[in-house]
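The structure appears right after this line, and notes come after that.
The numbers here are math on the coordinates, done by the rules we state, and not lab data. Computed from a prediction, not measured in an experiment: that's the story for all the values here. Here the Cβ positions follow ideal geometry from the backbone for every residue, glycine too, while neighbour counts run over all protein chains shown.
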Amino acid sequence: MVKKKGTFFQKLEICRVCTKLIYKCKKSYFVYMLLSAVLSVLKIYWPIYYMKNVINGLLGGDIDNIVSNSLLLVLGSAAFWGCEQLLEQKMEAINIVLVSCFEEELGKKMAGLPYELQESAEMLEKIELALEPINKQNVLPRFVNNLKDIVAELLIILFGGIVIVDLRIEFIFLILVIVSINSFLHQKAQKAQFNFYKVITPINRKFGYYKELSQNYQMGKDVRIYEMSEYIINKIKEYDDESYRGFKKLFTKIGLCQGSIAANIQLQTFAIYLYMIYIMRKQSLSVGDFTLYVGTAIHFANTISKLFNSLIEARQVTEYLETYVELITEKDRKTPNTEKTNNNIDLARRDINLVEFKNVSYCYPGKEQYAIRNLSFTINKKEKVMLIGANGSGKSTIVKLLCRLCVPTEGEILVNGKNINLISDSEYMDLLSVVFQDYKIWDCTVKEYICGKNEYNEGKVIEVLKNIGLYEKILKLSMYMETPLTRNFHNEGIEVSGGEGQKLALGRALYKNAPIVIMDEPTAALDPLAEYDFYEKASSLYDSDILLLISHRMASCKLCDKIIVLEEGKIVETGSHDMLLSLGGIYRKMWETQAGLYNGSSKMESLL
């Protein structure tokens, strides 16, 4: 866990975590970093030293000395520059790998968070704050280059200090005074930039949403029919203008700081020359020695300035990475599953006898009102159960809890008498086939969508496509099972209708053939005939032990064994269709209200 915000130890901890992750991703980076640091020292002091010898040779008329030192100067400098450029390219390639590695690490951590946290606006913004610097502000290359620069600068200062202290130790203090002014100005610029980042990130998230909306061809129909183009453009312009005003203010402040730094550097160089002329006259230095000391002093001063800036930059980078490190070091809040294997023998496929909710309550994070309260019900083997109720009555929350996407605030959910939170992830997810109300069609092939991660069985896929009524259409496609389900990346892709998409989602659940089947509004996009056919065949198609359905279509209730009626998160009625009608309560009122909307024109409607 990251230590208290803003402390020195917290920033060290952020550096430690990120350095450890870099080492885990690419150990070779640290070898390249050390080699690059050594080359940085040689690249600076090699020319200075041999230039001193060349100048002394010129003044003394020693031609052999001039030639040999000039040759060493040129060959050494060329070799160091060439090797450094090679290392720079290798490190640039590593930077790309590191970005993917850091994203993957965060993805793994987010996969371990409870689903309800991932849905919250607060968590979404936190994830955005963590990824924004990595994806858009090159914070990782800045971090790794910063590490390299600090090591190189320390070596340069160490070597330069040894040379200068031999001349006058007070000279170092003069340089430090001048450099400290630059460091102060640099810190002001960095602070302004970071403060702006915290403001611009939420703006960029909104801007990115509307920009993506304007480029999403699947939204084209809505945009045209409801004339939303002007609204979207105005939103983009609004956030664009807000960004521009912020950047203008930021760059003005940074420009003033950088201008002052540039002027101060010239003052620093002038002071060094002036001081060295004084020393030369007082100590009778040779011209070559004068060149050596001036060159060393200038690089020494500039490098101290760079080191201070690198340390300020390191502090700044840790602030950018603070949210990222906070997320990946946070204690895993995933559902505990301490009993994983030995006690789950009776949960083998095709052996689910009972699903039970015992006094289950759930309240979404950040909410005061419970979504469901003190629910208790059972689903027996081979029992087809329907949940019904008005929007917000708790139906989808029950599905999320049973799928273990959320953890009950109170109570427990049992499968064959075992708390589902004590079953391992792989074992429990293997028990579920689910069709969600907000199912998604991915950019993948027909085969990949139906099979998911399972091994491809063509005969089984064909059988599934026939059962959901899509085989004839897929058979006519030029790419057959390899046909992409969108046109994002392939012209041969297809754009499925809402009903076809829902059938594919049903087919995916059918292919998995799990013992617990859960369907949240599985027929909302189907026509009445297809819906009737689905409910009539549901029990035979899905060879499951447990079948839990949610639907707003009251006619489908007549085909279920048990109906659970929900109102404001509580169970108000339970029973068969005929039993609930005879009670004359909420169910009967809902039934009669919806029955009045039909004219008996379809097979499905005739049930009413």
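Some points to look at:
- Cα gyration tensor shape for the range 442-495, rounded if a/c is under 1.5, else prolate or oblate: oblate
- Loop-resident trypsin sites (Lys or Arg not before Pro) (DSSP state other than H, G, I, E or B) in the range 430-501 with no more than 15 further Cβ atoms inside 10 Å of their Cβ: Lys440, Lys453, Arg487.
- For the listed residue pairs Lys237/Lys440; Lys27/Lys126; Lys43/Lys148; Lys26/Lys109; Lys24/Lys126, the alpha carbons are over 27 angstrom apart in Lys237/Lys440; Lys27/Lys126.
- When the GluC sites (Glu not before Pro) in the range 351-406 are filtered for DSSP coil states and for at most 13 other beta-carbon atoms within 10 Å of their beta-carbon, the remaining sites are Glu368.
- Annotation: the residues Phe159, Phe251, sorted from fewest to most other C-beta atoms within 10 Å of their own C-beta, follow the order Phe251, Phe159.
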